[in-house]
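Read through the structure below, which is laid out as structure tokens, and then see the notes.
The values are calculated or read from the model by the stated rules, or taken from the named source; none is laboratory data. None of these values were measured; they are calculated from a predicted model. Note that each Cβ is placed from the backbone with ideal geometry, even for glycine, and that neighbours are counted across all protein chains shown. Heads up: the accessible areas ignore ligands, DNA and RNA and are worked out on the full protein's heavy atoms, side chains in. Shrake-Rupley method; radii C 1.70, N 1.55, O 1.52, S 1.80 Å.
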Amino acid sequence: MRRRRKGPSHSGRGPDGQRSGGVAVITTGLDEEDNTKFIKLAMWDFGQCDVKRCTGRKLERFGFIRALKIGQKWGGVILSPLGRKTVSKEDAKVIAKFGACVVD
């Protein structure tokens, strides 16, 4: 017998009812007319963490991030636990144009 979830259901759909497809909406919080930016987000999931506690899989389930196949190329910034450099302001143009991807 399956249990029903308590609380609101999250469908991963935007205001227009369409799936977001790995695009996150970032609000800058500035007092400008258009303070929203869309950033492409993706991840390579190696399946090494607990499925129930994995934030990457949860974001994928809600439609905020896109899962990539192992070996699939990504043109934007890649965030890895073994990275040697930090993300800086110089990376903002690359992230805005191509997006960011994480190794999970």
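For residue 16, the conditions (1) modelled with pLDDT under 85; (2) surrounded by 10 or more Cβ atoms within 10 Å (Cβ to Cβ) are fulfilled apart from (2). Counting only strands (runs of 3 or more DSSP E) that sit wholly inside the stretch 32-104, those with at least 3 residues that are among the aliphatic types (A, V, I, L, M) are 36-44, 77-79, 100-103.
Consider the stretch 58-104 and keep the residues that are open to solvent by 70 Å² or more (accessible area, probe 1.4 Å) and of a type in the set (Phe, Trp, Tyr). The one that is farthest from residue 41 (Cα to Cα) is 98.
All of 24, 42 fail the test of being under 11 Å from the mean Cα position of the chain (by Cα) and modelled with pLDDT under 85, apart from 24.
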